[in-house]
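The values are calculated or read from the model by the stated rules, or taken from the named source; none is laboratory data. Because the structure is predicted, anything quoted here is derived from the model rather than measured. Glycine also receives a Cβ, built like all others from the backbone with ideal geometry; neighbour counts cover every protein chain displayed. Note: accessible area is taken over every heavy atom of the protein model, side chains too, but ligands, DNA and RNA are not part of it. Shrake-Rupley method; radii C 1.70, N 1.55, O 1.52, S 1.80 Å.
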Amino acid sequence: MSKDPETIVKTAREAFNSGITKDYGFRLSQLRGMQKFMENNEENIVQALKQDNKKSRYESYLMEIVHIKKAISATIKNLKQWMEPEKLPKPLLFITDQLEIHSEPYGVVLVIGAWNYPLVITLEPFIAAIAAGNCAVLKPSELVPTCARLFEEQLGKYLDTSCFHVYNGGVAETTALLEQRFDYIFYTGSRGVGKLIYAAAAKFLTPVTLELGGKCPVYLDDSADLEIAASRIMWGKCINVGQTCVEPDYLLCSQFVRDKFVQAAKNVIKKWYGKNIAQNDVYGRIINDQHFQRVSKLIEGHKIALGGKTNPQDRFIEPTILIDVNPDDPIMQEEIFGPVLPILTVATPEEAIEFINARPKPLAIYVFSSSPMEQQKFIKGTSSGGVCVNDVIMQLTCEVLPFGGVGSSGFGAYHGHHSFKTFSHQKGVLIKNLSKLDEYVQQLRYPPYTLKKLNT
Ligand code: NAD
């Protein structure tokens, strides 16, 4: 499927200009193609995720395969309705007219993905781009070469190959792609590269969605069930060994809560993984040596309340809790993206809110509290891509909620109907009539301009 970027974009643009993707039947057939791709390649996907990300079969289904299958079937189910022009209520001046919003495909769109959820991060926006009637180029991360190759070798068997393309490679290849003019760019990845994508898009005034990362804080108070809170927070740290954009990055709580939380976390980790977690095959590994060294270094010199063991041979890092962490420590300066939870103590929820608000806007904020008043303090008193109360990560599995960042965690959002809208220009359409009655009302805007007309 891969050719040079110029040929790919030219082919896709010609296909788009032919009008083929605007048709409901065509879009449906391509989504069914995606469905078939998933059905026929389920085992290949499990093996690719194992090879590239060391994900267990269970985790691959739970966090990737089920999610994508659900996204495809929900899109197929709703496509007709989503494509319908939206009728709007009419203000008095337009009472005899038609007012509509048409979801118009942008044209040729580019989807660039990160490595941590190779399927979800690339295919979910790709499916939305198809549904919205675009031609699309998919650029998976080079850090997951087996998944990237699978997409390149297989997707063309199920999709129209003039409209849909996979282009693989790293920085050089992505840079070459970005020299082409796209009509929309959907990027998932780090903040630093996000700025490069934004700058490249600006050259052509191409609109973008930037799904970035950052540090997602958790606040926990003593009204919460600490055992449930520990299970949910530690699950968020352990799933994909913390390599999740909305992983609970650090915990803010009182010293009293901290001590109880650490004990509950110890219990739950032992219950889940037994004594020898390194031998437990559902616990994952860090993606590569560079990230292993980075995360291991963040642990160094800290007081360890849980875990702390690492093994460079297979890039193993034990679920780890650090206490007495200082806000100026390196671990508090960057997204951890690993199974390490620093805890910082705060005396009040107001202090936690002040701490959060003094830092870049997170992709998600988590609040564990049984008090609706405390929950609302965080929902209303902070800014973030989203908030999840009494759980972590689950907000992004709920397709009716928009998922995306704000400020330095990115902009734009997707999932469910929001994905379709993201890949569609929302075109305002006013359809007037040429009746004599309507024209009579329009006299007000034609000269001669008199005071009498103005006061009508
Ligand atoms: P990354 O930015 O290094 O890579 C992402 C993509 O950009 C890859 O396809 C890569 O080939 C490309 N790329 C890398 N360097 C480039 C360059 N110089 N020029 C052009 N393209 C380049 O990100 P990553 O390490 O793959 O992913 C981890 C980051 O992604 C974390 O910060 C995480 O929080 C974030 N993330 C965000 C979401 C979200 O939905 N908001 C989801 C997953 C990951």
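So for region 249-353: antiparallel DSSP bridges make up what percent, rounded to the nearest 5?
Of the beta bridges lying entirely in region 249-353, close to 45 percent run antiparallel.
Among 167-175, 207-215, what's the highest-first ranking by average C-beta atoms within 10 angstrom per residue? Walk me through the numbers before you get to the answer.
Numbers: 167-175: 15.4, 207-215: 23.1.
Top of the packing list down: 207-215, 167-175.
Carbon and sulfur together cover what percent of the accessible area of the chain at a 1.4 Å probe radius?
Here carbon and sulfur together make up 56 percent of the probe-accessible area.
Taking amide H positions as placed 1.01 Å from N in the peptide plane, with prolines and chain starts having none, which residues 5 or more places from Cys216, or on another chain, fall under 5 Å of its amide H?
Placed amide hydrogens put Asp249, Tyr250 under 5 Å from Cys216.
Sort the following peptides by mean Cβ neighbour count (other Cβ atoms within 10 Å, averaged over residues), highest first: 147-158, 238-249.
Numbers: 147-158: 19.5, 238-249: 25.2.
Highest mean packing first, the order is 238-249, 147-158.
Please list 223-236, 7-20, 177-190 highest first by mean number of surrounding beta-carbon atoms within 10 Å per residue. Intermediate values should be presented prior to the final figure.
On the way: 223-236: 20.0, 7-20: 16.7, 177-190: 22.3.
The most tightly packed comes first, giving 177-190, 223-236, 7-20.
Give the average over all directions of the projected area of the C-alpha convex hull of region 313-456, one decimal, in nm². It would help to have the intermediate numbers written out before the result.
Values: hull surface 70.5 nm².
Across all orientations, region 313-456 yields a mean hull projection of 17.6 nm².
So, with +1 on the Cβ of K and R and -1 on the Cβ of D and E, and no other charges, what is the size of the charge dipole of region 144-232 about its Cα centre, to the nearest 20 debye?
Working: 8 positive and 11 negative charges, 88 e Å.
My answer is approximately 420 debye.
So what J values fall out for region 394-406 if you push phi through Karplus, 6.51 cos²θ - 1.76 cosθ + 1.60 with θ = phi - 60°, rounded to Hz, Gly and Pro as x?
4, 4, 7, 8, 9, 5, 7, 8, x, 10, x, x, 8
Strictly under 4.7 angstrom between C-beta atoms: which cysteines of the chain have no such partner?
Flagged as lacking a Cys partner: Cys147, Cys216, Cys238, Cys245, Cys253, Cys388, Cys398.
One-quarter of the Cα convex hull surface for the chain, in nm²? Could you put the intermediate results ahead of the total?
On the way: hull surface 106.5 nm².
It is 26.6 nm².
If you place +1 on the Cβ of every Lys and Arg and -1 on the Cβ of every Asp and Glu, how big does the dipole about the Cα centre of the chain come out, in debye to the nearest 20? Let's see the in-between values first.
Values: 50 positive and 49 negative charges, 172 e Å.
Approximately 820 debye in magnitude.
In sequence order, what are the phi-derived ³J(HN,Hα) couplings for region 33-42 according to the Karplus relation 6.51 cos²θ - 1.76 cosθ + 1.60 with θ = phi - 60°, rounded to whole Hz, with x for glycine and proline?
Couplings: x, 4, 4, 5, 4, 5, 4, 6, 10, 3 Hz.
Tell me which of Val193, Ile331, Ala15 sits at the most positive position along the dipole axis of the chain, charges placed on C-beta atoms (Lys, Arg +1; Asp, Glu -1).
Ala15
State log₁₀ I(q)/I(0) for region 1-102 at q = 0.20 Å⁻¹ as given by the Debye formula over alpha-carbon point scatterers of equal weight, solvent excluded.
Debye curve over Cα of region 1-102, log10 I(q)/I(0) at q = 0.20 Å⁻¹: -1.07.
Too long at a 30 Å Cα-Cα cut-off: which of Lys50/Lys70; Lys54/Lys380; Lys69/Lys275; Lys237/Lys427; Lys77/Lys432; Lys3/Lys80? Please report the intermediate quantities before stating the final value.
On the way: Lys50/Lys70 21 Å; Lys54/Lys380 39 Å; Lys69/Lys275 35 Å; Lys237/Lys427 42 Å; Lys77/Lys432 33 Å; Lys3/Lys80 33 Å.
Violating the 30 Å limit, Cα to Cα: Lys54/Lys380; Lys69/Lys275; Lys237/Lys427; Lys77/Lys432; Lys3/Lys80.
Of all beta bridges DSSP finds with both residues in region 27-186, what is the antiparallel percent, to the nearest 5?
Numbers: 2 of 13 bridges.
Among the beta bridges of region 27-186, antiparallel pairing accounts for roughly 15 percent.
Percent antiparallel among DSSP beta bridges with both residues in the chain, to the nearest 5? Write down the numbers at each step before the final one.
On the way: 18 of 51 bridges.
The answer is about 35 percent antiparallel.
With charges set only on the Cβ (+1 for Lys and Arg, -1 for Asp and Glu), what does the dipole of region 1-122 come to about its Cα centre, in debye to the nearest 20? Present the calculation step by step, with values, prior to reporting the outcome.
Values: 17 positive and 15 negative charges, 63 e Å.
For this selection, approximately 300 debye.
Projected onto the charge dipole of the chain (+1 at Lys/Arg Cβ, -1 at Asp/Glu Cβ, origin at the Cα centre), which of Gly214, Gln98, Gln376 gives the Cα projection farthest towards the positive end?
Positive-most Cα among the choices belongs to Gln98.
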